[in-house]
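Below is one structure, written out as structure tokens; the observations come after it.
Each reported figure results from applying straightforward, stated rules to the coordinates on display, with no laboratory input. Source: prediction; values computed, not measured. Note that each Cβ is placed from the backbone with ideal geometry, even for glycine, and that neighbours are counted across all protein chains shown.
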Amino acid sequence: TQSTWVSGLGVVGTPEHYRECYLELGELVRILDNIASAERGGSRDSALEPSRLGSDEKELYDLLTCVDLANDEGDPTMSLEVGLSLWSHSVELSPKACMVLRTAYG
């Protein structure tokens, strides 16, 4: 199975260890653009706390929850894919990218 995400890099994995993300590429980019812009402006806390999230942060939180579930079930490729997308999008998202990529390689 092969996919290309925000990074423009392809991620290749075996079908039994790959879980497709439910967000389309354009939707993910829009969400990441909005979150990065808010963080650049200092208008939000960098921690993802579910009770204080806006709609874009909630979407990202839900995606990261799906990534965690995929890892727990032995599908690490989703972590690599989402982590690379966060990392390559903007410096503001690098802390979240590191968190996700750590689980992809763990």
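Net charge near ASP62: determine it from the other residues with C-beta under 13 Å of the C-beta of ASP62, scoring Lys and Arg +1 and Asp and Glu -1. Taking every Cβ under 13 Å from that of ASP62, the sum is -4. With viscosity 1.002 mPa s and temperature 20 °C, the Kirkwood radius over alpha carbon pairs of segment 66-106 converts through Stokes-Einstein to a diffusion coefficient of 220 µm²/s.
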